[in-house]
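Please read the structure below before turning to the comments.
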2 protein chains.
Amino acid sequence: MKKFAVIIAGCGVYDGAEIHEATLTLWAIDKLGHQYDIFAPDIPQHHVINHLTGEAMQEKRNVLVESARIARGKIKPLDKLITEYYDALVLPGGFGVAKNLSTFAFEGANCDINADLNNVVRHFAASGKPIGGLCIAPAILAVILREVEVTIGKDPSTIEQIEKSGAKHVVTDHGEVYFDEETNLFTTPCYMLDASISQIADGVEAIIGAMVELGMKE
Amino acid sequence: MKKFAVIIAGCGVYDGAEIHEATLTLWAIDKLGHQYDIFAPDIPQHHVINHLTGEAMQEKRNVLVESARIARGKIKPLDKLITEYYDALVLPGGFGVAKNLSTFAFEGANCDINADLNNVVRHFAASGKPIGGLCIAPAILAVILREVEVTIGKDPSTIEQIEKSGAKHVVTDHGEVYFDEETNLFTTPCYMLDASISQIADGVEAIIGAMVELGMKE
């Protein structure tokens, strides 16, 4: 039984965590017999998007408070994440990763990274514990870790920014997981491809399984 | 390939749709080779709950707009649901069913029911097409349809209100589906029991499977 720290960044694909990816990450961890705690930063959302129209709303929301919707209230502030308590780290996607946890959506490879996220990712990487990134999250992991190999599927403009950050991108398709053995880093495209929800489930189950099987050797 | 209409009631267990149940409903329908459209009423939420603290927030949100987060924007107003286009109807749970789609959370068996929901459920029942209810949704279906048999698991106060409405309640455990053959009505407890997320997935997959196998005989 392994323990995963899951970091999410709101509640909704356009301004927060992608809900299907986040939910299915929890499902895959539980289904495969492991445990999780969920974390989110206690910061304002970059903005609030009306998911019906795609337009910005004149509202303020908090990333931790909205993330608590996906977590059913069982969530902790990201600055309370103690690396030592966990065997692995995983980041589902959604624009929240690129707008709330970083400014990647606006500044690409030159983006700012949330300081707590930066610390957590560097701690996990330094300890050799596996890190997993879904959807757009691999791009932000690339900016933090630089000389790594990741996949976000096949989106040209995102790949360009990933390679600008000093990382290497590997093209993948639905459900595939790319394993950067040197960094113990696992990535999979999820909704960066035009996918059905059961294809998302396949990718998430594959990455969680791979993190345990390949990423946690003694 | 069967087509499901899925009705959700916001985005978050305490004031809207239960996110895991709603997401896993879409996953199960897709995984089993079927299709879905998602609907929600275009009405104000009863209230907005801070899912971190459990307390009400001084905000106004719209059920359709928040439901669009789970649907990734692909959602229609409930009053546009044409029964004839669908083979089955399914309602995931969450307090939104008992606060936005009805007043069951406050008035039990004597609750008011959203007029569009009432129409849709009665149309599906009259046509003999299968109806599925997860979590608390069976209680609202019982109020609409009255002389039916449902399960919400084993919560005594909810069972009392269900029986007050004229329905019969059947106790069930994790992943079990109760089939009221006369009404072609399928119900399963999900988070009305203290469940893990993979137990929710098991229950959801079981109910969607049963609706197709048992509920759609020629």
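The values are calculated or read from the model by the stated rules, or taken from the named source; none is laboratory data. None of these values were measured; they are calculated from a predicted model. Cβ sites come from the backbone with ideal geometry, for glycine too, and all protein chains shown count toward neighbours. Just the protein is used for accessible areas: all its heavy atoms, side chains included, with ligands, DNA and RNA removed. Shrake-Rupley method; radii C 1.70, N 1.55, O 1.52, S 1.80 Å.
Going by accessible area, probe 1.4 Å, with all protein chains left in place, what is the ranking of B:180, B:30, largest first?
Details: B:180 10, B:30 35 Å².
Output order, biggest surface exposure first: B:30, B:180.
What residue among A:17, A:139, A:105 shows peak mean-square fluctuation when chain A is described by a Gaussian network model with Cα springs under 10 Å?
Result for chain A, Cα springs under 10 Å: A:105 fluctuates most.
Hey, what D do you get for region B:1-141 in µm²/s if you plug the Kirkwood alpha-carbon radius into Stokes-Einstein at 10 °C and 1.306 mPa s?
Working: Rh = 14.8 Å.
So the translational diffusion coefficient is about 107 µm²/s.
Tell me: how much accessible area in total is hidden between B and A, 1.4 Å probe, Å², nearest 100?
Counting protein atoms only, the buried area is about 3200 Å².
If you average the sequence gap of Cα pairs under 8 Å that are 6 or more apart and divide by the length of region B:36-165, what percent do you get for the contact order?
Averaging sequence separation for qualifying contacts and normalising by length gives 21 percent for region B:36-165.
At 1.4 Å probe size, with every protein chain present, just tell me what the per residue accessible area of region B:120-173 comes to in Å². Mind showing how you got there, number by number?
Working: 2030 Å² over 54 residues.
Roughly 38 Å² per residue, with all protein chains present.
Mind listing the Cα extents of the protein assembly as shown along all three principal axes, in Å, largest one first?
65, 42, 37
Taking Cα pairs under 8 Å and at least six residues apart, what relative contact order does chain B come out at, in percent?
20
What accessible area per residue, rounded to a whole number of Å², is obtained for region B:1-112 using a probe radius of 1.4 Å?
That works out to 36 Å² for each residue.
Starting from the Cα gyration tensor of region B:9-52, take the square roots of the eigenvalues, sort them a ≥ b ≥ c, and report rounded, prolate or oblate (rounded when a/c is under 1.5, otherwise prolate if a/b is larger than b/c, else oblate). Intermediate results must be reported in sequence, preceding the final value.
Numbers: a/c = 6.08, a/b = 1.84, b/c = 3.30.
Note, shape of region B:9-52 comes out oblate.
Point me to the residue of chain B whose C-beta lies closest to the B-onto-A rotation axis, rounding the distance to whole angstrom.
Taking the axis that maps B onto A, the answer comes out as B:23, 2.
Using helices alone, I'd like the mean residue ellipticity at 222 nm for chain A: each DSSP H run of four-plus residues gives -39500 (n - 2.57), total over residue count, nearest 500. Each step should come with its number before you reach the end.
Details: 8 runs with 78 residues, N = 218.
When only DSSP H runs of four or more count, the value is -10500 deg cm²/dmol.
Which distances, in nm and shortest first, link the residue B:206 label point to the same label point in every other copy, taking 7 Å along Cα→Cβ?
Result, one decimal in nm: 3.0.
Decide, for region B:114-218, between rounded, prolate and oblate: order the square roots of the alpha carbon gyration tensor eigenvalues as a ≥ b ≥ c, take rounded if a/c falls under 1.5, and otherwise choose prolate if a/b is larger than b/c, else oblate.
oblate
Would you work out the charge dipole size for region B:1-153 about its Cα centre, treating the Cβ of every Lys and Arg as +1 and the Cβ of every Asp and Glu as -1, and quote it to the nearest 20 debye?
Dipole size: approximately 420 debye.
Order the following by accessible area, largest value first: A:160, B:182. Probe radius 1.4 Å; ligands, DNA and RNA are ignored.
B:182, A:160
In whole angstrom, note down how far apart the Cα centers of region B:177-204 and region B:117-160 are.
After rounding, the separation between the Cα centres reads 12 Å.
Can you give the accessible area of residue A:159, probe radius 1.4 Å, in Å² rounded to 10?
30
Shielding of B:62-73 by partners, i.e. mean partner chain Cβ atoms within 10 Å per residue? The partial results should precede the final answer.
Details: counts 2, 0, 2, 5, 6, 2, 9, 17, 8, 5, 10, 9.
Other-chain Cβ atoms within 10 Å of each residue's Cβ, averaged: 6.
Counting only other chains, and only Cβ atoms inside 10 Å, what mean value do you get across the residues of A:20-30? Walk me through the numbers on the way to the answer.
Numbers: counts 9, 1, 3, 12, 6, 1, 6, 9, 3, 2, 6.
Taking the mean over all residues of the peptide, I get 5.
Give me the percent relative contact order of region A:1-99, please, defined on Cα pairs under 8 angstrom at least 6 residues apart.
Result for region A:1-99 is 46 percent.
Output needed for region B:175-218: three equivalent-ellipsoid semi-axes, defined as square roots of 5 times the C-alpha gyration tensor eigenvalues, in descending order, whole Å.
Details: eigenvalues 93, 24, 4 Å².
So the three semi-axes of region B:175-218 are 22, 11, 5 Å.
Counting only protein heavy atoms and using a 1.4 Å probe, what share of the accessible area of chain A belongs to carbon plus sulfur, as a whole percent?
46
Solvent-accessible area of residue A:86, probe 1.4 Å, all protein chains present, reported in Å² to the nearest ten, please.
That residue has around 10 Å² of solvent-accessible surface.
Using protein chains only and a probe of 1.4 angstrom, how many square angstrom of residue A:122 are accessible, to the nearest 10?
120
Give the ranking of A:116, B:194 by solvent-accessible surface, highest area first, calculated with a 1.4 Å probe.
Most to least solvent-accessible, the answer reads B:194, A:116.
Please list the non-local residues whose amide H lies under 5 Å from the amide H of residue A:133, H modeled 1.01 Å from N, same-chain partners needing a gap of 5 or more.
A:91, A:186, A:187, A:188
Starting from the Cα of residue A:3, draw a straight line to each of the lysines and keep only those under 18 Å, dropping any in the same chain fewer than 8 residues away.
Of all the lysines, those that pass the test against residue A:3 - Cα under 18 Å, at least 8 places apart if same chain - are A:31, A:74, A:76, A:80, A:129, A:217.
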